[in-house]
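Accompanying notes for the structure given below.
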Amino acid sequence: MGGAGDLEQIPFGSSEFADNPEPRCPCLLLLDTSESMAGARIDELNHGLATFQRALAADSLAMKRVEVGVVTFGPVQLLNDFQTPDHFRPPLLSGAGDTPMGAAIAGGLEMVRQRKAAYKANGIPYFRPWIFMITDGAPTDDWRAAAAMIREGEMTKGFSFFAVGVEDADMDALAQISVRMPLRLSGLRFRDLFVWLSSSLGSVSRSGMGQEVPLLPPGWARA
Amino acid sequence: MSPQDPPPFVVDDRGRVLRLARKLGQGGEGAVYELEDDTDIAAKIHHQPLTPLRAEKIRAMAAMQSESVAKLAAWPTGLLSLPSGAPIGLLMPKVTGHKDIHHLYSPKSRRAEFPGADWRFLIRVAANLSRAIATIHEASGVVADVNHSGVLVGQDARVRLIDCDSFQVSGQGKMYLCEVGVPTFTPPELQGLLFSEVARTPNHDNFGLAVLVFLTLFMGRHPYAGRYLGLGEMTIERAIGESRFAYGADSAAHQIERPPGAPSLGIVSPAVAGLFERAFARASRNDGRPTAREWAAALDGLEGQLRQCAFSPAHWHFNGLQGCPWCRMEAATGVGLFSTTVSSGAAAHFDIDGFWRRVEAIEHPGGAPILDLPEGKGKVRISPAVMAFRQQRQMHRLYALVLSALPLPIALFVSLPLPARGLFLLAAVGLYYVARTLVRAANDPAIFVAKAQQDTERLERIRTEWQNQAGPGRFDAKRAELDRLRAAWIAARERREQSQPAPESGGRAAALRRFLDTFAIEDQEVKGVSSARVPLLESFGIATAADVDADRLDSVPKLDRHLRDALIEWRLELERRFEAQAGPQPAPPDREVLEREARDAQLRIEAALRTGLQDLQEIQKQTLFARLSMKVRVEEAHRAYLQSAADLKAVSR
Ligand SMILES: Nc1ncnc2c1ncn2[C@@H]1O[C@H](COP(=O)(O)OP(=O)(O)OP(=O)(O)O)[C@@H](O)[C@H]1O
């Protein structure tokens, strides 16, 4: 033992995985920060994000397994690349700009693809990524390509895409983008939404890698 | 897992009403609570009422207490029901001072939750776990749902098994199956089967045990989590089912490689490596995996074959190896695998060079790419609004011309006296000016001016934003901050090295000595010392007060006790005088305090360096991302700017 095999090269960037080799459960938040979100909506969303971080922190296994990434749109910006909740600093969002949903989805899917490649390269098992989009409007850019990518990803089980509409969101447009039935947030119950998201991710991260986890009833959604 | 609230109180077998207190933990089936008035007992409350079979199982288990098992497992002691009578949970002994085993085996949580745990400790835990499972097997139980959250570890390396109600047990001629299992700990022959329908065997447990032992010894790496060289997704479940042990001798044949940076199977003794191979071999499917007893024996053996690393005292490794595997791994990944509990080690641990290589490995994003913005002068088509505006103005100008020309024919062709002609001419000129003012008023290009200004400003703004977000400024600033932190860390290290064994600087002691030296025994009338004795003392080198000390005096033959004590008393008296003159002794700077402060400073800088590294990575990604996502906006703003500039030019003609 201790022969040539020990001289194998180790790539940089593997340190976070050496430090914490637990399987990962990535969750990407695609958040609408367009003009119309300004005011109470964005305030509640900010509270919700802080709640999300706290709720994840209360679950010591999720703390090592869940990874949160945040992309906002209006304009499209990467706020957090995938990180375990202990490093996730909830951003303070403000609403301004239009709703380039298509670009945000395309960028987000690329992030997910890269993250999965990093897991694979480092021998880190992972759960099917969750992409969670929250919007109160309708896309102002071309979203057809994005919708096709979502269909493709859902079909190959590359990820699960969830769309949540806030108040007067264009639910018909969302239904065309998302394969899963989009859900409408009841009132501004962002905090309930994020508590739900945190416990759902918690149970996914406890499950088997290829297992379908039955979703908890989304109590924050309006029929 | 649902965030539902627990019932306010529950009822035990004897009808006692119990109130739940603090939540101890949360599992898939339910949550575990402390009780208001009994500190030794914990209550597990399920989310759903128990099935009659499950309730019967708990009653049966409570009836089969065994002393050997009670010592190592939180065995159920009674059934709990809701006030309505529906069974909802169980009572069990509370385990205190223990933590989930996954906190021990991941390096990151180990540093926080088990400071001071080195590889010896990990081996001992693995051996103790094997002993615990062997005990269950010998009491004819099967753990069945072996997993990372069913084992609690104490700071003394002893383990306790929890979640015992999911064990598979037999009582009164009946076998109670286990209905659950965690796929990553499930042997290949059970993958994909319905747990509620299979009877488990110790050989099944022995697979889960081998996985747990592997996780514990191999820094939290799962034995089947590797780099898959084939096509498609390779989940752990699939890898288990296909016997693709990523560290095994024939891993290449299975198209799987151990992850980069993970230790090789060679870090354990050949005996232990052999057990892993056997546990994960396809041939062991039906029988023949190493038993819990075999594991315990082999791990005890490994514990006796360890050597401490010459460089880092926190590193213990198998003595059959040439070099220290942990040094290599730490250097390569920059991760501190083991923390030392106290003092020096903690900061010495931080490998600044390795860390810095990682900083330098983050590629500089370079300048913001030059955007290919069209110059577009002249090429831009005037917008329809401007076309319409210009057409309308053309018309208005025509009308104005016609209007102001109205008096002209009169002035030119009608025969009038000269002054009247002049008047009409003047009227034409006047009309022209009035009409022009009217035309200007009706065709105010102000909106186009405003639009052009707005678009210019917007372009400016977006360009600045582009420079900020897509340019290297933020990256450079963070990088400069890291440079400063690194310099500060190195300075702190030097300070620490200087505060190391500083020999007692003789300052005050030397002053005392000089002071005492001025008091010759001869000159003084030391009480009880006759001058006749002075030469004797001097012949033994005792001339001044500074020479007086018990050892020396004792070396003088036949010195009488009184004389000796008198001399010592004299010296002490002089010392007191010195103290009174020199003032209070300044508290010597406590080396330990200094050392601790320097170390704390260093640790703070390390923390800042680590977050800084993360920030730098993030900024780099954000910068690259911004280039993608902002490009369209800059181009769009530029186009708008060109358009309104062209429009403005068109209207101001
Ligand atoms: N006897 C005990 N004393 C102290 N803490 C306990 C005890 N039993 C369980 N816990 C804590 O509660 C958590 C959940 O317990 P347990 O694993 O038994 O629940 P579960 O719902 O059966 O989970 P799962 O079946 O998903 O493993 C454990 O991780 C542990 O931290």
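The values are calculated or read from the model by the stated rules, or taken from the named source; none is laboratory data. Everything numeric here is computed off the predicted structure, so don't read it as measured data. Heads up, the Cβs are rebuilt from the backbone with ideal geometry, glycines too, and the neighbour counts pull from every protein chain shown. The protein model used for the area step is the full one, side chains on, heavy atoms only, and it has no ligands, DNA or RNA in it. Shrake-Rupley method; radii C 1.70, N 1.55, O 1.52, S 1.80 Å.
Residue-wise test of (1) open to solvent by 20 Å² or more (accessible area, probe 1.4 Å); (2) within 14 Å of chain A (Cβ to nearest Cβ).
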residue: B:TYR228; (1), (2): yes, yes
residue: B:GLU237; (1), (2): yes, yes
residue: B:ALA273; (1), (2): no, yes
residue: B:THR291; (1), (2): yes, no
residue: B:GLN305; (1), (2): yes, yes
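Kindly indicate whether B:GLY78 is open to solvent by 30 Å² or more (accessible area, probe 1.4 Å) and within 16 Å of the ligand (Cβ to nearest atom).
Working: open to solvent by 30 Å² or more (accessible area, probe 1.4 Å): no; within 16 Å of the ligand (Cβ to nearest atom): yes.
Considered against the rule, which asks whether it is open to solvent by 30 Å² or more (accessible area, probe 1.4 Å) and within 16 Å of the ligand (Cβ to nearest atom), B:GLY78 comes out as no.
From the list B:ALA55, B:ALA70, pick out the single residue that is more than 9 Å from the ligand (Cβ to nearest atom) and surrounded by fewer than 18 Cβ atoms within 10 Å (Cβ to Cβ). Outline the logic, then answer.
Working: B:ALA55 fails: surrounded by fewer than 18 Cβ atoms within 10 Å (Cβ to Cβ).
Of the residues listed, the single one that is more than 9 Å from the ligand (Cβ to nearest atom) and surrounded by fewer than 18 Cβ atoms within 10 Å (Cβ to Cβ) is B:ALA70.
Tell me which of these A:VAL195 doesn't satisfy, since it passes every other one: (1) of a type in the set (A, V, I, L, M, F, W, C); (2) out of contact with any Lys or Arg (no Cβ under 6 Å at 6 or more places or on another chain); (3) within 14 Å of chain B (Cβ to nearest Cβ); (4) open to solvent by less than 20 Å² (accessible area, probe 1.4 Å).
Status for A:VAL195: all satisfied but (4).
Confirm whether A:ARG144 is of a type outside the set (A, V, I, L, M, F, W, C), touching a strand residue (DSSP E or B) at 6+ places or on another chain (Cβ under 9 Å) and farther than 16 Å from A:LEU31 by Cβ. Explain how you work it out, then say what you get.
On the way: of a type outside the set (A, V, I, L, M, F, W, C): yes; touching a strand residue (DSSP E or B) at 6+ places or on another chain (Cβ under 9 Å): no; farther than 16 Å from A:LEU31 by Cβ: yes.
Considered against the rule, which asks whether it is of a type outside the set (A, V, I, L, M, F, W, C), touching a strand residue (DSSP E or B) at 6+ places or on another chain (Cβ under 9 Å) and farther than 16 Å from A:LEU31 by Cβ, A:ARG144 comes out as no.
Pick from segment B:26-46 the residues that are free of Cβ contacts under 8 Å to residues at least 60 places away in the same chain and over 19 Å from B:PRO87 (Cβ atoms): which of them is nearest to the other protein chains (Cβ to nearest Cβ)?
Out of the qualifying residues, it is B:GLN26.
Determine if segment B:128-151 includes at least one residue that is within 13 Å of the ligand (Cβ to nearest atom), within 14 Å of chain A (Cβ to nearest Cβ) and on the phi > 0 side of the Ramachandran plot.
No: segment B:128-151 contains no residue that is within 13 Å of the ligand (Cβ to nearest atom), within 14 Å of chain A (Cβ to nearest Cβ) and on the phi > 0 side of the Ramachandran plot.
How about segment B:81-100: which of its residues are away from the ligand (no atom under 13 Å from the Cβ) and within 14 Å of chain A (Cβ to nearest Cβ)? Outline the logic, then answer.
Step one: filter segment B:81-100 for residues away from the ligand (no atom under 13 Å from the Cβ), giving B:81-87.
Within segment B:81-100, no residue meets the criteria.
Going through segment B:281-317 one residue at a time, which ones are in contact with a Phe, Trp or Tyr (Cβ under 9 Å, 6 or more places away or on another chain) and not in a loop (DSSP other than H, G, I, E, B)?
Across segment B:281-317, the qualifying residues are B:SER284, B:LEU302, B:LEU306, B:ARG307, B:GLN308, B:TRP316, B:HIS317.
Go through the residues of segment B:106-121 one by one and say whether even a single one is assigned to a helix (DSSP H, G or I) and touching a His at 6+ places or on another chain (Cβ under 6 Å).
Taking segment B:106-121 as the starting set, the residues that turn out to be assigned to a helix (DSSP H, G or I) are B:107-113, B:119-121.
If we keep only those that are touching a His at 6+ places or on another chain (Cβ under 6 Å) as well, we get B:109, B:113.
Yes: segment B:106-121 contains one or more residues that are assigned to a helix (DSSP H, G or I) and touching a His at 6+ places or on another chain (Cβ under 6 Å).
Could you pull out the residue among B:ALA296, B:ALA310, B:ALA331 that is in contact (Cβ under 8 Å) with a residue 40 or more places away in the chain and among the small types (Gly, Ala, Ser)? Walk me through it before giving the result.
Details: B:ALA310 fails: in contact (Cβ under 8 Å) with a residue 40 or more places away in the chain; B:ALA331 fails: in contact (Cβ under 8 Å) with a residue 40 or more places away in the chain.
Within the list B:ALA296, B:ALA310, B:ALA331, the selection yields B:ALA296.
Name every residue in segment A:138-159 that is open to solvent by less than 70 Å² (accessible area, probe 1.4 Å) and touching an Asp or Glu at 6+ places or on another chain (Cβ under 7 Å), in order of residue number. Steps first, please.
Taking segment A:138-159 as the starting set, the residues that turn out to be open to solvent by less than 70 Å² (accessible area, probe 1.4 Å) are A:138-139, A:141, A:143, A:145-148, A:150, A:153-154, A:158-159.
Of everything in segment A:138-159, just one residue is open to solvent by less than 70 Å² (accessible area, probe 1.4 Å) and touching an Asp or Glu at 6+ places or on another chain (Cβ under 7 Å), namely A:ALA138.
Based on what the data block shows, is B:VAL180 over 22 Å from B:ARG293 (Cβ atoms) and within 13 Å of the ligand (Cβ to nearest atom)? Before you say what the answer is, go through the steps one by one.
Numbers: over 22 Å from B:ARG293 (Cβ atoms): yes; within 13 Å of the ligand (Cβ to nearest atom): yes.
Yes; evaluated as a whole, the condition is true for this residue.
Yes or no, residue by residue, for (1) touching a strand residue (DSSP E or B) at 6+ places or on another chain (Cβ under 6 Å); (2) over 30 Å from B:PRO313 (Cα atoms); (3) open to solvent by 50 Å² or more (accessible area, probe 1.4 Å):
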{"site": "B:PRO107", "(1), (2), (3)": "no, no, no"}
{"site": "B:ALA112", "(1), (2), (3)": "no, no, yes"}
{"site": "B:LEU122", "(1), (2), (3)": "no, no, no"}
{"site": "B:THR135", "(1), (2), (3)": "no, yes, no"}
{"site": "B:VAL153", "(1), (2), (3)": "yes, no, no"}
{"site": "B:LEU161", "(1), (2), (3)": "yes, yes, no"}
{"site": "B:MET175", "(1), (2), (3)": "no, yes, yes"}
{"site": "B:PRO187", "(1), (2), (3)": "no, yes, no"}
{"site": "B:GLU197", "(1), (2), (3)": "no, yes, yes"}
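Any residue that is in contact with a helix residue (DSSP H, G or I) (Cβ under 8 Å, 6 or more places away or on another chain) and of a type in the set (Val, Ile, Thr) - is there at least one of those in segment B:12-32?
Within segment B:12-32, none of the residues are in contact with a helix residue (DSSP H, G or I) (Cβ under 8 Å, 6 or more places away or on another chain) and of a type in the set (Val, Ile, Thr).
Pairs, please: C-beta under 7 Å, at least 6 apart or cross-chain, first residue open to solvent by less than 20 Å² (accessible area, probe 1.4 Å) and at pLDDT 80 or above and in segment B:546-557, second assigned to a helix (DSSP H, G or I) and of a type in the set (Asp, Glu)?
B:ALA546/B:ASP517
Any residue in segment B:139-154 that's without any contact (Cβ under 8 Å) to a residue 40 or more places away in the chain and in the same structural domain as B:ILE101 (by TED's automatic domain parsing): show its pairings with residues that are within 11 Å of the ligand (Cβ to nearest atom) and assigned to a strand (DSSP E or B) at Cβ separation under 7 Å, as long as the two are six or more apart or on different chains.
Listed pairs, sorted by first residue: B:GLY150/B:LEU161.
Test A:GLY202 against the criterion of being more than 24 Å from A:ILE42 (Cβ to Cβ), within 13 Å of chain B (Cβ to nearest Cβ) and under 14 Å from the mean Cα position of the chain (by Cα), and give yes or no. Give the derivation first.
On the way: more than 24 Å from A:ILE42 (Cβ to Cβ): yes; within 13 Å of chain B (Cβ to nearest Cβ): yes; under 14 Å from the mean Cα position of the chain (by Cα): yes.
In short, yes.
Mind checking whether some residue in segment B:413-421 is touching a helix residue (DSSP H, G or I) at 6+ places or on another chain (Cβ under 6 Å), at pLDDT below 85, open to solvent by 60 Å² or more (accessible area, probe 1.4 Å) and part of a helix (DSSP H, G or I)? Explain how you work it out, then say what you get.
Applying the first criterion (touching a helix residue (DSSP H, G or I) at 6+ places or on another chain (Cβ under 6 Å)) to segment B:413-421 yields B:421.
This time we only want the ones that are at pLDDT below 85, so: B:421.
From what's left, open to solvent by 60 Å² or more (accessible area, probe 1.4 Å): B:421.
Next, only the ones that are part of a helix (DSSP H, G or I) stay: B:421.
Yes, segment B:413-421 contains a residue that is touching a helix residue (DSSP H, G or I) at 6+ places or on another chain (Cβ under 6 Å), at pLDDT below 85, open to solvent by 60 Å² or more (accessible area, probe 1.4 Å) and part of a helix (DSSP H, G or I).
If I filter segment B:106-113 for residues that are more than 13 Å from the ligand (Cβ to nearest atom) and more than 21 Å from A:MET63 (Cα to Cα), do I get at least one hit? Explain how you work it out, then say what you get.
First, the residues of segment B:106-113 that are more than 13 Å from the ligand (Cβ to nearest atom): B:106-112.
This time we only want the ones that are more than 21 Å from A:MET63 (Cα to Cα), so: none.
Checking segment B:106-113: not a single residue is more than 13 Å from the ligand (Cβ to nearest atom) and more than 21 Å from A:MET63 (Cα to Cα).
Just to be sure, is B:HIS103 closer than 22 Å to A:ALA62 by Cβ, over 30 Å from the mean Cα position of the chain (by Cα) and either within 15 Å of the ligand (Cβ to nearest atom) or more than 14 Å from every other protein chain (Cβ to nearest Cβ) (or both)? Explain how you work it out, then say what you get.
Details: closer than 22 Å to A:ALA62 by Cβ: yes; over 30 Å from the mean Cα position of the chain (by Cα): no; either within 15 Å of the ligand (Cβ to nearest atom) or more than 14 Å from every other protein chain (Cβ to nearest Cβ) (or both): yes.
So B:HIS103 fails the test.
Tell me the residue from A:PRO214, A:PRO182 that is over 25 Å from B:GLU29 (Cβ atoms) and either crowded, with 19+ Cβ neighbours inside 10 Å or within 16 Å of the ligand (Cβ to nearest atom) (or both), please.
Working: A:PRO214 fails: over 25 Å from B:GLU29 (Cβ atoms).
Result: A:PRO182 is the single residue among A:PRO214, A:PRO182 that is over 25 Å from B:GLU29 (Cβ atoms) and either crowded, with 19+ Cβ neighbours inside 10 Å or within 16 Å of the ligand (Cβ to nearest atom) (or both).
Identify the residue in segment B:464-517 that is in a helix (DSSP H, G or I) and of a type in the set (S, T, N, Q) and, among all such residues, is modelled with the lowest pLDDT.
The residue in question is B:GLN498.
When only residues in segment B:240-257 that are within 12 Å of B:ARG278 (Cα to Cα) and small (Gly, Ala, Ser) count, which is surrounded by the fewest Cβ atoms within 10 Å (Cβ to Cβ)?
Restricting to residues being within 12 Å of B:ARG278 (Cα to Cα) and small (Gly, Ala, Ser), the top hit is B:ALA249.
Kindly indicate the residue of segment A:52-109 that is facing chain B (nearest Cβ under 8 Å) and touching a Lys or Arg at 6+ places or on another chain (Cβ under 8 Å) and also surrounded by the most Cβ atoms within 10 Å (Cβ to Cβ) among those meeting that condition.
A:LYS64
Which residue, of B:GLN65, B:GLN48, is exposed (fewer than 14 other Cβ atoms within 10 Å of the Cβ) and away from the ligand (no atom under 13 Å from the Cβ)?
Selected residue: B:GLN65, the only one of B:GLN65, B:GLN48 that is exposed (fewer than 14 other Cβ atoms within 10 Å of the Cβ) and away from the ligand (no atom under 13 Å from the Cβ).
Inside segment B:5-36, can you point out the residues that are among the small types (Gly, Ala, Ser) and either within 11 Å of the ligand (Cβ to nearest atom) or open to solvent by less than 30 Å² (accessible area, probe 1.4 Å) (or both)?
B:GLY25, B:GLY27, B:GLY28, B:GLY30, B:ALA31
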